[in-house]
C-alpha cells in the first residue's frame, strides 16, 4: 500500500490575525493571487577558508521575519494596518508593537510573532481594475511550525518525534 494520502488545502482557511491592547482584527480582502508571504533569514552562514575548510556560523537573529500581506485596495484591513503604522510613527515606542498569527486551518502550519510592526507602507496604484497594497510587517521573533495538510502514517508521526519535533495530533495520523 502506498504511504501517500490525498491532501486538502483550502485558501479560505488561511487566517491572519492582528492583536494589540485587547483588540483583534482578522485580515480580509487579500489579493487574488497571494494571501501572505513569510521570508526569513538563514539560520547558518558559512565561512570557507583558502584550503576549503568550512565552518558554519550560527545566526542568532534567524527567527526575524518579513511578512508581506497583499491586500486589495478596497480591503478594510488597509485601514487597520494604516492605523497601526501611523500610531507607531506618531508615538515611537515599543508600546505600539502588536502580535500577528497566521494559521492554515486546513493543515498543520502556524506562525506567531508577538513583537510585530508595520515596517513599510505600500505604494498606491489606481487604475481601471483592482490594484493591491502590499503591506510589509516585520516580526522580531517568529515562532512557527511548517506542517502538511494530509494525514500521515504512524511511522511518519514517530519519525517527526524521533527527529526532535512535537508529537502529531491523533486527528492527523491515519488509523490512530
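Residue 39 meets the stated requirement of being loosely packed, with under 12 Cβ neighbours inside 10 Å, touching a residue at least 24 places away in the same chain (Cβ under 8 Å) and within 22 Å of residue 108 (Cβ to Cβ).
On the stretch given as the range 62-115, residues that are touching a residue at least 60 places away in the same chain (Cβ under 8 Å) and within 16 Å of residue 39 (Cβ to Cβ) total 11. From the list 55, 28, the one residue that fits, being farther than 28 Å from residue 149 by Cβ, more than 15 Å from the chain's Cα centre (by Cα) and assigned by TED's automatic domain parsing to the domain that holds residue 112, is 55. Checking each residue in the range 133-176 for being in a loop (DSSP other than H, G, I, E, B) and surrounded by 12 or more Cβ atoms within 10 Å (Cβ to Cβ) picks out 140, 141, 147, 148, 149, 150, 151, 153, 165, 168, 174, 176. Looking at this structure, is residue 84 at pLDDT 95 or above, within 16 Å of the chain's Cα centre (by Cα) and buried (at least 17 other Cβ atoms within 10 Å of the Cβ)? It is false that residue 84 is at pLDDT 95 or above, within 16 Å of the chain's Cα centre (by Cα) and buried (at least 17 other Cβ atoms within 10 Å of the Cβ). Going through the range 91-117 one residue at a time, which ones are surrounded by fewer than 15 Cβ atoms within 10 Å (Cβ to Cβ) and at pLDDT 95 or above? Result: 105, single match. Examine the range 63-71 for a residue that is surrounded by 14 or more Cβ atoms within 10 Å (Cβ to Cβ) and more than 29 Å from residue 124 (Cα to Cα), and state whether such a residue exists. Among the residues of the range 63-71, at least one is surrounded by 14 or more Cβ atoms within 10 Å (Cβ to Cβ) and more than 29 Å from residue 124 (Cα to Cα), which makes the answer yes.
The values are calculated or read from the model by the stated rules, or taken from the named source; none is laboratory data. Note that the structure is a prediction, hence the values are computed from the model and not measured. Here the Cβ is made from the backbone with ideal geometry for all residues, glycine too, and neighbour counts use every protein chain on show.
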